[in-house]
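The values are calculated or read from the model by the stated rules, or taken from the named source; none is laboratory data. What you are looking at is a predicted structure, and each value in this text was computed from that prediction instead of being measured. Note that each Cβ is placed from the backbone with ideal geometry, even for glycine, and that neighbours are counted across all protein chains shown.
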Amino acid sequence: MEGECRASQARSWGLPAGGAGGDSPGGDAPLPGSISSSSLLQAEVLDLDEDEDDLEVFSKDASLMDMNSFSPLMPTSPLSMINQVKFEDEPDLKDLFITVDEPESHVTTIETFITYRIITKTSRGEFDSSEFEVRRRYQDFLWLKEKLEEAHPTLIIPPLPEKFIVKGMVERFNDDFIETRRKALHKFLNRIADHPTLTFNEDFKIFLTAQALEFSSHKKQGPGLLSRMGQSVRAVALSMRGVKSRPEEFMEMNNFIEIFSQKINLIDKISQRIYKEEREYLDEMKEYGPIHILWSASEEDLADTLKSVASCIDKCCKATEKRMSGFSEALLPVVHEYVLYSEMLMAVMKRRDQIQAELDSKVEALTSKKADTDLLTEEIGKLEDKVECANNALKADWERWKQNMQNDIKSAFTNMAEENILYYEQCLATWESFLTSQTDLHLEEASEDKL
Amino acid sequence: MFLASMTENNFSLKKIEISVSEAEKRTGRNAMNMQETYTAYLIETRSVEHNDGQSVLTDSLWRRYSEFELLRNYLLVYYPHIVVPPLPEKRAEFVWHKLSADNMDPDFVERRRIGLENFLLRVASHPILCRDKIFYLFLTQEGNWKETVNETGFQLKADSRLKALNATFRVKNPDKRFIELKHYSDELQSVISHLLRVRARVADRLYGVYKVHGNYGRVFSEWSAIEKEMGDGLQSAGHHMDVYASSIDDILEDEEHYADQLKEYLFYAEALRAVCRKHELMQYDLEMAAQDLASKKQQCEELATGTVRTFSLKGMTTKLFGQETPEQREARIKMLEEQIKEGEQQLKSKNLEGREFVRNAWADIERFKEQKNHDLKEALISYAVMQISMCKKGIQVWTNAKECFSKM
């Protein structure tokens, strides 16, 4: 994939099409994208689009970042490409380990917030050391996510846990909320680390390693708020256009995403509801057992049997608690993450559509001969590359994402089934031993009567 | 289960089987000539031939709940020393949301049918109650039975509630065992009600847990449509979720029978209290009679000796209006002596009655205690059996589901 991108890039720089692409693993088969971009090159160039300055994010340099995120200024080299491909082929060769823990509350005159400790252990050469420890707050994670989205608009960036939870939140900082968030943040960073492209992102590295002052000064760089606002207005306009000319495979993808999003949201709701019902069941069961003990106080012959029943119910309660905690650790966070992922996917589709729409609007401008033909043609060439890169990046990442999703869902639900089996097995053993003890007593009593 | 041991019994030297085999909705006119709907139950009696064990249908008639009530009220009056078996509840109580509180609901009617059969079997297997003529007629005489019962005049013989309440408060020396029994029956009633209430809530919650899983089935099925590799696994796992969700209906229906067994003993507590009340009434009566006798004796003594130790109206009026003549005095003494003789006899017989009541009642209470211990133990064991069955079903469903998930 990267090979093809590089080849078309070379084309836009004026190099022969087949030349530089020879030693790339992508093969020489022409992509559908490349056919259309070459036909576009024939068209006349028109006036420059005056808003182009806003699109610095989508410049040729940015498209470099799609493949190799070391730094915006470094030119692509075949070596770095090969390194990357190697990484994809051997996903188990993990050389970056990240943990998120130790939430701490910080109180200032203006606000209260929580920071999390992030420990990174790595053997990578580009890191100055092999171990790093930093503290980051939720805002910083948001910043990182936005930077990643800027740099890789059509890659599937892992989702962040929500900013707030609307329902049932009494205070922002209760323990369960913090723990759930911590786990999700841990997942977030690890998913980035596992991603073949994102793992080499410079902002990611800085996020993991920079101490407080260095980090806050780094954050202040980059496109300002105004330009970002201007971008989003334009982006909305563009994305509306992009939908119409969406290629077939992306239509399919979009269709999948829509339905997947619906279903995963439903599953999230159902799972939360199951947890709630189980909690209420547990509460009632906790009251149920002790009544038998109360009863045993006024009985003689029945006292032992009643106490046994109470103890069985108590054991089943413990088994229920275990099942619930397994459920809330294995299934609920996974399902919820994919709910957030589905939102992320829709945003990615939009961004892809935007990029496409940019190209289409330039092409339109060309055909209506409104502006300088030569300049437009050059721009269109760049945009075609950009579209091709974006599409290819998304396609590859999409396959990877689907594979991961399948594995995650499969293991989450298999886990849930296992927890349930374990629960029922435990309860079964409890009641069976009660039964044996009672029938043994029966036999004892019967033989006593006979004497 | 405990019912199995009571299908056969001795009855007027004949072995019989009783069953309440059907329930039917009827419409008729009530006492105020207004139309009403009620349920009638078919009672079939079979006599069992010794030789071949075959049973022959001897009697079959329809009765409604109010007639059962009449029978029981009669038994309560004529056998106050017996712990009379209770009827199943008149209205559905301790319901959880899915169960209907409607008396016409078919599930309720079915459970009541079983309860009424149980009642008849209990009466028929009681060594004393089974010989009662009215009970025999209840099983055999369809028409006119109501009139026959009412002709016994049992309603008149019934102790007034007010009298009983009065006695309970004022009795000085009831048998200690009855005090303990009353205390026990209060505790039994309170603890079983509590148990039944919480059990109903547990059932409700369990129902919720199972049923929500059913939603997985629907969504998995819809999701499987867009998945290529995962599709089959999702679809079949979804099917198992549906199976899981629907399994709760049978499970909870079985539990209702367990609840009914507990309910019977909840109502038995009231029957125990009735026996205690009768004892208190008799004891109070005895105490009052003894007190009356003692005061008469004292009056007699005072008249005879001329000393007035206690205040009496006669003494007062005598003081105010003058002494009575010796003849008058003699007459009074004679009357009192007669009354005292009568009173002593009455006291003797009351004492005898009281002791006999205590003896008979206590014998039945011992019998009842054994029955209760046996039945409740069986019920608790059957509860465990139900839980085991539920767990086994759960293991099976989730094992199947796990297999589907792992194939995704």
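Quick notes
- A count restricted to region B:355-373 and to residues that are more than 9 Å from chain A (Cβ to nearest Cβ) and either under 30 Å from residue B:203 (Cβ atoms) or surrounded by 17 or more Cβ atoms within 10 Å (Cβ to Cβ) (or both) stands at 8.
- Flag if residue A:320 is at the interface with chain B (Cβ under 9 Å from one of its Cβ atoms), assigned to a helix (DSSP H, G or I), touching a residue at least 60 places away in the same chain (Cβ under 8 Å) and not hydrophobic (A, V, I, L, M, F, W, C): no
- Just one of the listed residues (A:297, A:303, A:310) is over 38 Å from the mean Cα position of the chain (by Cα), surrounded by fewer than 21 Cβ atoms within 10 Å (Cβ to Cβ) and within 27 Å of residue B:209 (Cβ to Cβ), namely A:310.
- Residues of region B:386-400 that turn out to be among the aliphatic types (A, V, I, L, M), more than 7 Å from chain A (Cβ to nearest Cβ) and either in contact with a strand residue (DSSP E or B) (Cβ under 6 Å, 6 or more places away or on another chain) or surrounded by fewer than 21 Cβ atoms within 10 Å (Cβ to Cβ) (or both), as a count: 1
- Matching residues, region B:216-235, being surrounded by fewer than 21 Cβ atoms within 10 Å (Cβ to Cβ), facing chain A (nearest Cβ under 8 Å) and without any contact (Cβ under 8 Å) to a residue 12 or more places away in the chain: B:222, B:225, B:226
- Highlighted here are the helices (runs of 4 or more DSSP H) found entirely within region A:123-222 that include at least 2 residues which are under 15 Å from the mean Cα position of the chain (by Cα): A:138-151, A:175-194.
- Among the residues of region B:75-92, those that are in a loop (DSSP other than H, G, I, E, B) and either at positive phi or not aliphatic (A, V, I, L, M) (or both) comprise B:79, B:80, B:81, B:85, B:86, B:88, B:89, B:90, B:91.
- The requirement of being over 30 Å from residue A:265 (Cβ atoms) and in contact with a Lys or Arg (Cβ under 9 Å, 6 or more places away or on another chain) is satisfied by residue B:259.
- Region B:370-408, residues that are closer than 20 Å to residue B:196 by Cα and touching a residue at least 60 places away in the same chain (Cβ under 8 Å): B:372, B:374, B:375, B:376, B:378, B:379, B:382, B:383, B:386, B:390
- When A:358, A:329, A:280, A:337 are checked against the criterion of being modelled with pLDDT under 90, under 32 Å from the mean Cα position of the chain (by Cα) and either closer than 29 Å to residue A:183 by Cβ or among the charged types (D, E, K, R) (or both), a single residue qualifies: A:358.
- Failed item in (1) modelled with pLDDT under 75; (2) assigned to a strand (DSSP E or B); (3) among the small types (Gly, Ala, Ser), with residue B:47 passing the rest: (1)
Matching residues to (1) outside any helix (DSSP H, G or I); (2) more than 30 Å from residue B:117 (Cβ to Cβ); (3) modelled with pLDDT under 95:
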position: B:245; (1), (2), (3): no, yes, no
position: B:257; (1), (2), (3): no, no, yes
position: B:268; (1), (2), (3): no, no, no
position: B:274; (1), (2), (3): no, no, yes
position: B:292; (1), (2), (3): no, yes, yes
position: B:297; (1), (2), (3): no, yes, yes
position: B:309; (1), (2), (3): yes, yes, yes
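Yes/no per residue for (1) of a type outside the set (A, V, I, L, M); (2) closer than 17 Å to residue B:206 by Cβ; (3) at the interface with chain B (Cβ under 7 Å from one of its Cβ atoms):
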| residue | (1), (2), (3) |
| --- | --- |
| A:265 | yes, no, no |
| A:280 | yes, yes, yes |
| A:288 | yes, yes, yes |
| A:298 | yes, no, yes |
| A:304 | yes, no, no |
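- Residue in region A:332-355 that is buried (at least 16 other Cβ atoms within 10 Å of the Cβ), touching a Leu at 6+ places or on another chain (Cβ under 6 Å) and away from chain B (no Cβ under 14 Å) present: yes
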